[in-house]
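Since the structure comes first, as structure tokens, the remarks are kept for the end.
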Amino acid sequence: VRWMMYWIIFALFMATETFTDLLISWFPFYYEVKMAFVIWLLSPYTRGASLLYRRFVHPTLARKEKDIDAFLVQARERSYETVLRFGKRGLNLAATAAVQAATKSQGVLAGRLRSFSMQDLRSLPEQ
């Protein structure tokens, strides 16, 4: 559980750091403070990640639990419909490509056979 709390807090930190690095990375000792914060999160003595998780993340997730569950159900339904739609579209494209390839190759084969005359065929050695 401790590691789960750490990785959730660390993921949130990394997501916000992407944007905050652009804005405040010019502050003196910014990178040192960031490194100290990560060590504080990770340290078993300070239990910083557990503190932040229990104080901020868990109450927020508990308040929004019904909304999150509804969103997951909706996402599952939409993903199934999307997979079916793209699957049908992919099969249609593959079938169309196969038919076009077959018709083109059939025309090439017929053209090759027409290029041979009976004289050419008679001149081939029989085996």
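The values are calculated or read from the model by the stated rules, or taken from the named source; none is laboratory data. Values in this document were obtained by computation on a predicted structure and should not be read as measured data. Ideal geometry is used to build each Cβ from the backbone, glycine not excepted, and the neighbour counts take in all protein chains shown. Surface accessibility is based on the protein's heavy atoms, side chains included, excluding ligands, DNA and RNA. Shrake-Rupley method; radii C 1.70, N 1.55, O 1.52, S 1.80 Å.
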All alpha-carbon distances of the range 12-57, grouped into 10 Å bins from 0, give the whole-percent distribution 25, 48, 26, 1
I need the semi-axes of the equivalent ellipsoid of the range 1-92: take the C-alpha gyration tensor, multiply each eigenvalue by 5, square-root it, list largest first in whole angstrom. 37, 20, 12
For the range 1-92, with the dipole built from +1 on Lys and Arg beta-carbon atoms and -1 on Asp and Glu ones, taken about the Cα centre, which of Ile9, Thr60, Leu23 lies farthest toward the positive end? Thr60
Of all accessible surface on the range 1-92 at a 1.4 Å probe, what whole percent is carbon and sulfur? 69 percent
Heavy-atom accessible area per residue, the range 1-92, 1.4 Å probe: how many Å²? 84 Å²
Run the paramagnetic zone check for Phe56: 7 angstrom along Cα to Cβ, then residues of the range 10-44 with backbone nitrogen under 15 Å. 10-21, 34, 37-42
